[in-house]
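Worksheet: the structure to be examined is printed underneath.
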There are 6 protein chains.
Amino acid sequence: MPKVTVHRKAHFNAAHRLFHPEWSDEKNAAVFGKCSNPHYHGHNYDLTVSVTGEIDPITGFVMDLSVLRELIKSEIEDAFDHKNLNVEVAEFKSLNPTVENIAVVIYNKLRAKIRTSLDISVTLYETPRNFVTYSGD
Amino acid sequence: MPKVTVHRKAHFNAAHRLFHPEWSDEKNAAVFGKCSNPHYHGHNYDLTVSVTGEIDPITGFVMDLSVLRELIKSEIEDAFDHKNLNVEVAEFKSLNPTVENIAVVIYNKLRAKIRTSLDISVTLYETPRNFVTYSGD
Amino acid sequence: MPKVTVHRKAHFNAAHRLFHPEWSDEKNAAVFGKCSNPHYHGHNYDLTVSVTGEIDPITGFVMDLSVLRELIKSEIEDAFDHKNLNVEVAEFKSLNPTVENIAVVIYNKLRAKIRTSLDISVTLYETPRNFVTYSGD
Amino acid sequence: MPKVTVHRKAHFNAAHRLFHPEWSDEKNAAVFGKCSNPHYHGHNYDLTVSVTGEIDPITGFVMDLSVLRELIKSEIEDAFDHKNLNVEVAEFKSLNPTVENIAVVIYNKLRAKIRTSLDISVTLYETPRNFVTYSGD
Amino acid sequence: MPKVTVHRKAHFNAAHRLFHPEWSDEKNAAVFGKCSNPHYHGHNYDLTVSVTGEIDPITGFVMDLSVLRELIKSEIEDAFDHKNLNVEVAEFKSLNPTVENIAVVIYNKLRAKIRTSLDISVTLYETPRNFVTYSGD
Amino acid sequence: MPKVTVHRKAHFNAAHRLFHPEWSDEKNAAVFGKCSNPHYHGHNYDLTVSVTGEIDPITGFVMDLSVLRELIKSEIEDAFDHKNLNVEVAEFKSLNPTVENIAVVIYNKLRAKIRTSLDISVTLYETPRNFVTYSGD
């Protein structure tokens, strides 16, 4: 059967700050700029999850997109939306919530829930001009 | 010469429904949800066709994008636009018009018309949040 | 208190056809073109509902946008989404479902549910290039 | 001379929470939902400032858009970008930072800097689906 | 009948420069910045034409959008697309092609072709961040 | 460390024409259509630069996006923005400025400035419907 990639978009709004806990405020400001503001700032994160596999000859689906939508909701949106990533999300208690690291965390959470015959990839926009892609490499 | 991918966007508006002809209405509704509505629903499909090849040193083109635009028009838009995919498009008389299957049909129709030294890929949006990519694998 | 307009976007996917029931197929085709296809076609309709009123000094809201979101869902999305407008939506049994008429129907349904001290306006996209605005005039 | 409206887009990323200081956590959660999270969340705010006036017959400008861009930068972006609106922006120390109230504050800050022969209007997106317009009424 | 505004989007790509013919190069550069480059620069102009009137009770149309589309094509796109506005478009031989002035010229060209019982308005984007609206005032 | 692609968007506005210097005006018009207009036309070019590498475990960055933003500004925007590509940009004095060739030139300019352990890719939109991708192959 043909191998197709299906993509589903989602989003969440969250606060965060970038900093290294062992650095001084001055060094954090020098490296992370205004992103290191200790009072936090925030973003509307736009997420695309891409799943690659063969089309099922009975349904015509690679993966039911409403199943994927609910999986993104329960695993990612419910965990991250309207949250302070540094304070309220376990994965970022000891990991700097750069857009790179957030994408890897999202990938790992979804990878654990999607069968391994399907490849996955995650694209995450922090702003309309800054975004990242992670495919598990 | 450098190998570049050129992309051209197009679109068509069509009605469809998802269903398996051997299943009961109940089973179709269970699997395909409101997409199985027997009275049809519809979408604005957004299509990107991507063509990869070497730049022609004389013209600076991989492929003349106005030729690609006309090819998409004659092969895809004229065949699908303002049509009922299930009823009026031959390929979907016995193939469920999921966005995955529509993308494969589009790919195959264009693949037959573009010289084989060029690789092609098709991205098809069914809604702004659900889309697929097929590259002939 | 300052008078502000709050806007909320929503969408629905539907099938329709344009035609006048007393006209011949030829006349319908002459006036409505491929939009009169008797087998239907469809669109992703994008809707913006705008509500104008004074800011409540306690909440800082003109109208709670989650209330507006649920109202659009129950009145418009549940009634129109994944439907055949001509066949399944009562208002269009005897009214041609042009984007103008759909916008007026949406306005009237919402106008009946939003208190009259608030002005409302409806913008409806049939395609990214064709859209209408109706404000009850 | 013809009277034209010129529009300039800008953006800022900020953290905020919605709450009424005299209410209990329960009441704040009941009214503002997850937007009342005491740890804050955030948004990419997209701003359009619109200025209406006659075209200057010498320059062809209503207002030099690079002057407007710098004014938005100094008055709005420098004050709000990468900030916690509740904690770090004076206007919101005693004003709930709903998107309605933020738009009014932006309008008032710009109104004080643009000559009164020009009318102004502010459109502010909190998310791609929720936005407001304020024109000083 | 309800009064509705119908909008149609179009676009054209053109070169231009901003300058005052009686000013020195230095003064033109001081006022118009890099937009006064004598070698020209260019834009993808995005145009929305809005037409307001009563819905025709027979067709359900304010104005047939395919007629409006063809009118924009013949009057605006054919005249401006892939042109140098200063050199090749008569209206700008003695009028600085600022986005304000281009919008007024477009409005006047369309106003002459659309019956006066319909109100019209023109929105023209020079870039995604700079745009203008003109309604004949 | 995980290997992630970070993307940064930028843009520039420029004039150009497509033509082959050894061809007659007739032949240039036959091959390049209205893009060969000797008086030039122009575009808002939208650029995405993608950089792939391992996440730095200290900063959480693949590459500091503000460094990438400044590099794009100094190497590409300052060189191309508000310019006539054929007349004012050295690379196109003897190279037809098709969107394919512009993307290759941008890639080569950035490749020289980004360390070789990072892979790069360039996506360039000439219009919202025509765009190209080049990854150095």
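The values are calculated or read from the model by the stated rules, or taken from the named source; none is laboratory data. Since this is a predicted model, take the numbers as computed values, not measurements. Reconstructed Cβ throughout: ideal geometry from the backbone, glycine too, with neighbour counts over all protein chains shown. These area figures cover heavy atoms from the full protein model, side chains too; ligands, DNA and RNA do not enter into them. Shrake-Rupley method; radii C 1.70, N 1.55, O 1.52, S 1.80 Å.
P(r) of the protein assembly as shown in 20 Å steps, Cα pairs, percent per bin?
Bin by bin from 0 Å, the calculated values are 14, 47, 37, 2.
Go through segment A:18-108 and name the GluC sites (Glu not before Pro) that are in a DSSP coil and have 14 or fewer other Cβ atoms within 10 Å of their Cβ.
Numbers: sites: A:GLU22, A:GLU26, A:GLU54, A:GLU70, A:GLU75, A:GLU77, A:GLU88, A:GLU91, A:GLU100; in loops: A:GLU22.
Here the sparse-neighbourhood loop sites are A:GLU22.
Hey, what did chain E get for relative contact order, percent, Cα under 8 Å, at least 6 apart? Could the numbers behind the result be given before it?
Numbers: 221 pairs, mean separation 41.2, N = 137.
Once normalised by length, the contact order is 30 percent.
What ranking of F:VAL87, D:VAL99 comes out by heavy-atom accessible area, probe 1.4 Å, highest first? Intermediate values should be presented prior to the final figure.
On the way: F:VAL87 50, D:VAL99 5 Å².
From most exposed to least exposed: F:VAL87, D:VAL99.
Quick one: of F:LYS83/F:LYS109; A:LYS113/D:LYS34; B:LYS27/C:LYS83; C:LYS9/D:LYS9; F:LYS93/F:LYS113; B:LYS9/E:LYS34, which pairs are farther than 28 Å apart, Cα to Cα? Provide the component values of the computation, followed by the final result.
Numbers: F:LYS83/F:LYS109 17 Å; A:LYS113/D:LYS34 26 Å; B:LYS27/C:LYS83 19 Å; C:LYS9/D:LYS9 19 Å; F:LYS93/F:LYS113 23 Å; B:LYS9/E:LYS34 32 Å.
Beyond 28 Å between Cα atoms: B:LYS9/E:LYS34.
Each residue of segment B:68-83 in turn: what ³J(HN,Hα) in whole Hz from Karplus with 6.51, -1.76, 1.60 and θ = phi - 60°, glycine and Pro shown as x?
Rounded to whole hertz, the list is 4, 4, 5, 5, 4, 5, 6, 7, 10, 4, 4, 7, 10, 5, 6, 10.
To check you understand DSSP bridge types, tell me what percent of the beta bridges within segment B:3-134 (both residues inside) are antiparallel, rounded to 5. Display every interim value, and only then the final one.
Details: 26 of 28 bridges.
Counting DSSP beta bridges with both partners in segment B:3-134, the antiparallel share is about 95 percent.
What order do A:LEU95, C:LEU71 take when sorted by accessible area (1.4 Å probe), most exposed first? Present the calculation step by step, with values, prior to reporting the outcome.
On the way: A:LEU95 60, C:LEU71 30 Å².
Sorted by accessible area, descending: A:LEU95, C:LEU71.
Please report the accessible area of B:LYS27 (heavy atoms, 1.4 Å probe, ligands and nucleic acids excluded) in Å², nearest 10.
100
Please list C:LEU47, F:LEU65 in order of solvent-accessible area, largest first, computed with a 1.4 Å probe with all protein chains present.
Output order, biggest surface exposure first: F:LEU65, C:LEU47.
Please give the Cα centre distance for segment A:1-43 versus segment E:1-47, rounded to the nearest Å.
37
Jot down the per residue volume, in cubic angstrom and as a whole number, of the convex hull over the alpha-carbon atoms of segment A:88-130.
It is 83 Å³ per residue.
Whole-Hz Karplus ³J(HN,Hα) for segment C:40-53, in order, using 6.51 cos²θ - 1.76 cosθ + 1.60 and θ = phi - 60°, x for Gly and Pro?
6, 9, x, 8, 8, 7, 9, 10, 10, 10, 10, 10, 10, x
Any idea what diffusion coefficient segment E:23-100 gets from Stokes-Einstein, in µm²/s, Kirkwood Rh on alpha carbon pairs, 25 °C, 0.890 mPa s?
Values: Rh = 15.6 Å.
Roughly 157 µm²/s, to the nearest whole number.
How many angstrom lie between the C-alpha centres of segment C:103-137 and segment A:66-85?
First find each Cα centre; the distance between them is then 32 Å.
Once the whole set of protein chains is in place, how much accessible area is left on C:TYR40, using a 1.4 Å probe, in Å² to the nearest 10?
Surface open to solvent at C:TYR40 totals about 50 Å².
Give me the dipole magnitude in Debye, nearest 20, for the protein assembly as shown about the Cα centre, with unit charges on the beta carbon: positive for Lys and Arg, negative for Asp and Glu.
Details: 90 positive and 108 negative charges, 0 e Å.
The dipole magnitude comes to about 0 debye.
Among the aspartates and glutamates, select those whose C-alpha is under 16 Å from the C-alpha of B:LYS73, and discard any that sit fewer than 8 residues away in the same chain.
B:ASP46, B:ASP64, B:ASP81
Which whole number in µm²/s is D for segment D:4-62 by Stokes-Einstein, with the Kirkwood Rh taken over Cα pairs at 25 °C and 0.890 mPa s?
167
Would you calculate the convex hull of the Cα atoms in chain E and tell me its volume per residue in Å³? Each step should come with its number before you reach the end.
Working: hull volume 15.3 nm³, N = 137.
In chain E, the Cα hull volume divided by residue count equals 112 Å³.
Given charges of +1 on the Cβ of Lys and Arg and -1 on the Cβ of Asp and Glu, with all other atoms neutral, how large is the dipole of chain F about its Cα centre, in debye to the nearest 20?
Working: 15 positive and 18 negative charges, 21 e Å.
With Lys and Arg at +1 and Asp and Glu at -1, about 100 debye.
Within 10 Å of each Cβ in peptide E:36-49, how many partner chain Cβ atoms are there on average? Round it to a whole number, please. Please list the in-between numbers first.
Details: counts 1, 8, 2, 9, 12, 16, 14, 7, 12, 2, 2, 0, 2, 0.
Mean partner shielding for this stretch: 6.
Taking H placed 1.01 Å from N in the peptide plane, check which residues at least 5 places from A:TYR45 or on another chain put their amide H under 5 Å from its amide H.
Placed amide hydrogens put A:PHE12, A:ASN13, A:ALA14 under 5 Å from A:TYR45.
Going toward the positive end of the dipole of segment F:30-137, with +1 on Lys and Arg Cβ and -1 on Asp and Glu Cβ, which of F:PHE92, F:ILE114, F:THR133 do you reach last?
Of the options given, the answer is F:PHE92.
I'd like the accessible area for E:SER94: 1.4 Å probe, protein heavy atoms, all chains in place, Å² to the nearest 10.
Its accessible surface works out to 110 Å², give or take rounding.
Once phi is turned into ³J(HN,Hα) by the Karplus curve 6.51 cos²θ - 1.76 cosθ + 1.60 with θ = phi - 60°, what whole-Hz value does each residue of segment F:22-32 show in order, with x for glycine and proline?
With the stated coefficients, segment F:22-32 comes to 8, 9, 5, 4, 5, 5, 4, 5, 5, 7, 9 Hz.
Can you show me the helix-derived [θ] at 222 nm for chain D, built from DSSP H runs with n ≥ 4 at -39,500 (n - 2.57) apiece and divided by the number of residues, rounded to the nearest 500.
On the way: 4 runs with 33 residues, N = 137.
Result for chain D: -6500 deg cm²/dmol, rounded to the nearest 500.
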